[in-house]
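The values are calculated or read from the model by the stated rules, or taken from the named source; none is laboratory data. Note that the structure is predicted; figures quoted are calculated from it, not measured. A quick note on method: Cβ atoms are made from the backbone with ideal geometry, for glycine too, and the neighbour counts reach across all protein chains shown.
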Amino acid sequence: MYAFELVRPATLDEAVTALGTEEAQALGGGQTLIPTLKQRLAAPAKLVCLGGLAELKGVCIDDDGAVCVGGATPHAVVAAEAAAHYPALAALAGNIGDPAVRNRGTIGGSLANNDPSACYPAAALGSGATIRTVNRDIAADDFFQGMFTTALEDGEIITEVRFPVPERAAYQKFEQPASRFALVGVFVAKYADGVRVAVTGASEGGVFRWAEAEAALSADFSAAAIAGLSLEADMMIGDLHGSPEYRAHLVKVLTGRAVTAAG
Amino acid sequence: MPKDHGIGASSKRREDVRFLTGRGRYTDDINLQGQAHACFVRSQVAHGRLNGVNTDAAAGMPGVIRVFTAADFEGVGGLPCGWQVTDRHGAPMQEPGHPVLATGKVRHVGDPIALVVAETYDQARDAAEAVVVDIEELEPVLDMKAALADGAPKVHDDLTSNLCYDWGFVEENREAVNKAFETAHHVTTLDLVNQRLVPNAMEPRVAIGDYNFATDDSTLYTTSQNPHVIRLLMGAFVLGIPEHKLRVVAPDVGGGFGSKIFHYAEEAAVTFAAKQLRRPVKWTCTRSESFVTDAQGRDHVTKIELALDAEGHFQAIRTETYANMGAYLSTFAPSIPTWLHGTLMAGNYKTPLIYVNVKAVFTNTVPVDAYRGAGRPEATFQLERVIDKAAREIGMDPVELRRKNFITEFPYATPVAVEYDTGDYNATLDKLLEIADVAGFEARLAESKARGKLRGLGINCYIEACGIAPSHLVGQLGARAGLYESATVRVNATGGLVVMTGSHSHGQGHETSFAQVVADMIGIPENMIEIVHGDTANTPMGMGTYGSRSLAVGGSAMVKATNKIIAKARKIAAHLMEASPEDIELKDGRFTVAGTDKSVAWGDVTLAAYVPHNYPLDEIEPGLEETAFYDPNNFTYPAGAYACEVEVDPETGKVTVERFAAADDFGNIVNPMIVDGQVHGGIAQGIGQALLETTTYDEYGQLLSGSYMDYAMPRASDVPFYAVDHSCQTPCTHNPLGVKGCGEAGAIGSPPAVVNAVVDALQRAGMTHITHIDMPLTPSRVWAAMQG
Ligand SMILES: Cc1cc2nc3c(=O)[nH]c(=O)nc-3n(C[C@H](O)[C@H](O)[C@H](O)COP(=O)(O)OP(=O)(O)OC[C@H]3O[C@@H](n4cnc5c(N)ncnc54)[C@H](O)[C@@H]3O)c2cc1C
């Protein structure tokens, strides 16, 4: 780790101000950022800790029935507090990493990082969530812009993520054996106006929606509906854990399983 | 009733109290007065010419005490190799130099180039980043077969090629074996890879050098399985320090699996630097550094052929193996694919003719050396896989085929130069079939099927050579060291004992099991015995802990020394009771004159030894302390049978181990619970190798699986509950305890069981084209195989 200044703002405004300076970076649960610093792969001059901002923490239900998760809410809290309202989301959060990761890691950190193998991006995109920041609301469809890239400006803090609750949904994660991130993860959500299918872990472009499957499942919400579909391996990730062909295959298998699990 | 103390009791591991409560004292827990910190500058490329190292900027950085480069190590010897292998044609292996810091060339990612010593570790690390290294990159040598092609770049320019040796065993049998294959009724051939593994001890390596200029004494604190060996190698070959001026301390050590046997550059570097700077110098390896500096394991590419007659009797075995040495010869590297591998190729079977060919190859990768099992897992894996394949080809039940070829009479001299003293392979196999509930397999298969899963059963046997080793034998085979063990037993005046053993414990529970043995021999409580190990200053010369040798060899030395103690104590007791020593019996800690009720307690005798008022001073000396060395006259041969049941998800290729059973014959057992634990750990490691662990270098020689994000270690949820049994016991015939060793069996016996099971599952599902999948059997590999 290189030396850095640690700022602990008491309010969101203070945090925004602190992040306005050059080489400042938000610190959520630190589950991605701290290991990166330890490896000396990043050298921010200032870390602005969001952990003390009560206004960014917790799960609530808004008037439209959407589940709203504070941007600095740890995975374990989502797993516990969203369970009654959005079980598929809670189950996803409850299966991220290990207990230590879930007690520290936050939804804001996960979405901002947009790791191509992370779980939350699939939930956000699969639910058509809205990512609320200090400045604006960003639709999930516009938020994820490729591996480790998002619509966030420098220093822009995710304050809340709003998940419209579907009629049925499920997330299927096939674990990469070492990291236990998603080798492929598929989030399927059925809304009154159609089905959304979001895929993580698989694509060089990061989380994406599988349009053909969405169309087929919107017409017929059953695993059989996607039997005839297949994905091109072209844009899929190939690494020592799986070839592009394998990932393309898994996307389909897991989509089917997610539909079945959604019931 | 199971015993509650002494030999045969499952005494709780006394060392666990400190390990589990954070009271252990590991090398990194040691901080010496005035200590400075070291960070190594390491090669980021696999192969390159080292044109210059500029330390100017680094030397001026805050806290920097000194930056050492290879030039500072002039006159210092290179790291020695402890075993010389002679090739097929009688020539010695090619043995390259191994400088403490790279000179002329860098040969693998992680090769140390410079050593920065500073007041704090962070300062040393900052300065290490400021060292400017001028490297002209060269094409790396990675693939073993390509490394041997004409015109391949050379890892060591001064060698004639990248071939370390081309070993034939038994060379005289070569032609006869070839002939047997020409006339064989059936030949089964299997090409396989026994992949490279990263040892991943829980505690990374640490070394602290200390020097006392007033006495000219050097001390090295290090994470070692064998402090005396490090003292000998580093003192005599690298730094030129006589043993009486060099102390090596290996305190609590958090696992080694072989990787802490070897003498590493960092140990010599910090000891040297401490003397130059007259300050203690501490280096703690990061986990990332461990991945590119700890000697790795396995890495064999093998073709094995098995010739059978019409009835399924094994006629001959022929193997050709390429064994990766990595960039340099680690301490015992040459012996692993040869003497620890070729000599086990007979397995549990009567095969009259065997020929093993091994080509050891230098590549631009981390050096490879012993890793739990060391050569024996490689032998077992190929043999047990080819037998399974043969059974399928000739349409015979794989269990029957094994039984048909079992060695049943002992002692048995194999055609690969070893003599098995005892064994009963049918007994362990029968026991296995029982504890694995093989009879219930069909029902479980049907149940899996109903859930849409494939199920398979894999069974195999194994044998290993442990208790390494008779010195006279290994000397003939090229070892540059003896392989005896030692113990000093010191009895205190009030009756308690301190046993100083040359064996080192780095997780095996010696402090418990060794105490059980001595307690049993004298008939006193275990808590009267303290086991001391790990410090060359207060233990007799020992060769260390590896090759499942501690109880068989170190324990035997301890028994010998304790017998000397008892003999002397008996004389003292005889004197005290005015009887003759021959009439004195020792039982339950009391000496009794046979046939009388006259007796004295153990404590009376030990007190007399140190307060010799009434004592036969003209016949024996006061005091009660004895040392013994023990050099075995053969290896020990643990053997057994393992069974694994897996489920395979036909859609994803994911394998789950549903059941695992192990029936081992370890001879006599001192502590059944510790033996269970050793087998459990070994099986987990074997399952890790079979399903999870992969050490992958890219085309530039960068380790792709260089962290736990990509290197998959087995976790609790990857393994089932095991059924283990060691009730089949054919005691070793040549050591006083009749023990064989149990530390490596699990890791040796389990990989073929897992792979056999997966292949069985796929075959049962009609995928008859799948006869083998190379480890690790990850979901993607299994799925790819299923695609045909
Ligand atoms: C062992 C381990 C296993 C894991 N397994 C999984 C897994 O299975 N699935 C999975 O999805 N993830 C997994 N993770 C990642 C984990 O979920 C992280 O917590 C998450 O990716 C980052 O969240 P964080 O709060 O820790 O963010 P940090 O590490 O603190 O920050 C990450 C990035 O986000 C930025 N940031 C943080 N908070 C905000 C905010 N509110 N607004 C804007 N930017 C912000 C930071 O500046 C930084 O760039 C794992 C991590 C570990 C260490």
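What to note about this one:
- Of the strands (runs of 3 or more DSSP E) lying entirely inside segment B:1-119, those containing at least 1 residues that are within 28 Å of the chain's Cα centre (by Cα) and modelled with pLDDT of 95 or more are B:36-42, B:112-118.
- Test result for B:Val238, surrounded by fewer than 18 Cβ atoms within 10 Å (Cβ to Cβ), closer than 20 Å to B:Ala333 by Cα and not polar (S, T, N, Q): no
- Which numbered condition A:Ala43 misses (of (1) within 14 Å of chain B (Cβ to nearest Cβ); (2) modelled with pLDDT of 95 or more; (3) touching a Phe, Trp or Tyr at 6+ places or on another chain (Cβ under 7 Å)): (2)
- With respect to being within 30 Å of B:Thr696 (Cα to Cα) and more than 13 Å from the ligand (Cβ to nearest atom), A:Ser203 fits the description.
- Segment A:101-153 holds helices (runs of 4 or more DSSP H) entirely within its bounds, and those carrying 1 or more residues that are touching a helix residue (DSSP H, G or I) at 6+ places or on another chain (Cβ under 9 Å) and more than 13 Å from the ligand (Cβ to nearest atom) map to A:120-126, A:140-143.
- Residue in segment B:666-673 that is assigned to a strand (DSSP E or B) and away from chain A (no Cβ under 14 Å) present: yes
- Selection over segment B:741-775 of residues that are assigned to a loop (DSSP other than H, G, I, E, B) and surrounded by fewer than 24 Cβ atoms within 10 Å (Cβ to Cβ) gives a count of 10.
- Residue match in segment A:91-98 (condition: part of a loop (DSSP other than H, G, I, E, B) and among the hydrophobic types (A, V, I, L, M, F, W, C)): yes
- The residues on offer are B:Ala370, B:Ala346, and the sole one that is among the small types (Gly, Ala, Ser) and in contact with a Leu (Cβ under 8 Å, 6 or more places away or on another chain) is B:Ala370.
- Filtered by the rule that a residue be within 13 Å of the ligand (Cβ to nearest atom) and of a type in the set (Lys, Arg), segment A:34-67 gives A:Lys38, A:Lys46, A:Lys57.
- Restricting attention to segment A:23-33, the residues that are more than 14 Å from every other protein chain (Cβ to nearest Cβ) and either over 15 Å from A:Val7 (Cα atoms) or near the ligand (Cβ under 6 Å from one of its atoms) (or both) total 7.
- Candidates B:Asp158, B:Asp191, filtered to the one that is modelled with pLDDT of 95 or more, farther than 21 Å from B:His300 by Cα and surrounded by fewer than 16 Cβ atoms within 10 Å (Cβ to Cβ): B:Asp158
- If you go through segment B:260-292 and keep only what is under 30 Å from B:Gly743 (Cα atoms) and in contact with a strand residue (DSSP E or B) (Cβ under 8 Å, 6 or more places away or on another chain), you end up with B:Tyr264, B:Ala265, B:Glu266, B:Glu267, B:Trp283, B:Thr284, B:Cys285, B:Glu289, B:Phe291, B:Val292.
- Pair list, Cβ < 9 Å and 6+ apart or interchain, from segment A:116-127 residues that are closer than 8 Å to A:Phe187 by Cα and not assigned by TED's automatic domain parsing to the domain that holds A:Ser179 to residues that are within 10 Å of the ligand (Cβ to nearest atom) and among the small types (Gly, Ala, Ser): A:Ala122/A:Ala182; A:Ala122/A:Gly185; A:Ala122/A:Gly201; A:Ala123/A:Ala93
- Within the set B:Pro650, B:Pro616, B:Pro622, the sole residue that is assigned to a loop (DSSP other than H, G, I, E, B), outside the structural domain of B:Ala379 (by TED's automatic domain parsing), surrounded by fewer than 24 Cβ atoms within 10 Å (Cβ to Cβ) and modelled with pLDDT of 95 or more turns out to be B:Pro622.
- So A:Ala261, is it free of Cβ contacts under 8 Å to residues at least 24 places away in the same chain and among the hydrophobic types (A, V, I, L, M, F, W, C): no
- Filtered residues of segment A:154-192 (kept if within 14 Å of chain B (Cβ to nearest Cβ) and either away from the ligand (no atom under 16 Å from the Cβ) or at positive phi (or both)): A:Arg180
- In segment B:461-576, counting only strands (runs of 3 or more DSSP E) that sit wholly within it, none holds 2 or more residues that are in the same structural domain as B:Trp602 (by TED's automatic domain parsing) and closer than 30 Å to B:Glu384 by Cβ.
- Hey, A:Thr73 without any contact (Cβ under 8 Å) to a residue 40 or more places away in the chain, within 13 Å of the ligand (Cβ to nearest atom) and not aliphatic (A, V, I, L, M) or not: yes
- Residues in segment A:235-258 that are more than 9 Å from chain B (Cβ to nearest Cβ) and touching a residue at least 40 places away in the same chain (Cβ under 8 Å) were compared, and the one that is farthest from B:Thr696 (Cα to Cα) is A:Ala258.
- Pick from segment B:681-738, criterion touching an Asp or Glu at 6+ places or on another chain (Cβ under 7 Å) and β-branched (Val, Ile, Thr), ranking: farthest from the other protein chains (Cβ to nearest Cβ): B:Thr733
- Taking the criterion of being crowded, with 16+ Cβ neighbours inside 10 Å and either within 11 Å of the ligand (Cβ to nearest atom) or of a type in the set (A, V, I, L, M) (or both), the residues of segment A:84-93 that qualify are A:Ala88, A:Leu89, A:Ala90, A:Ala91, A:Leu92, A:Ala93.
- Inclusion of B:His533 among residues that are crowded, with 24+ Cβ neighbours inside 10 Å, free of Cβ contacts under 8 Å to residues at least 40 places away in the same chain and within 19 Å of the chain's Cα centre (by Cα) is warranted.
- Only one of the listed residues (B:Ala118, B:Ala59) is surrounded by 22 or more Cβ atoms within 10 Å (Cβ to Cβ) and farther than 30 Å from B:Leu483 by Cα. That residue is B:Ala118.
- Scanning segment B:425-458 for residues being crowded, with 17+ Cβ neighbours inside 10 Å and either in contact with a helix residue (DSSP H, G or I) (Cβ under 6 Å, 6 or more places away or on another chain) or part of a loop (DSSP other than H, G, I, E, B) (or both) gives a total of 7.
- Where strands (runs of 3 or more DSSP E) fall entirely within segment B:132-239, those with at least 2 residues that are touching a Pro at 6+ places or on another chain (Cβ under 9 Å) are at B:163-169, B:186-197, B:206-212, B:217-222.
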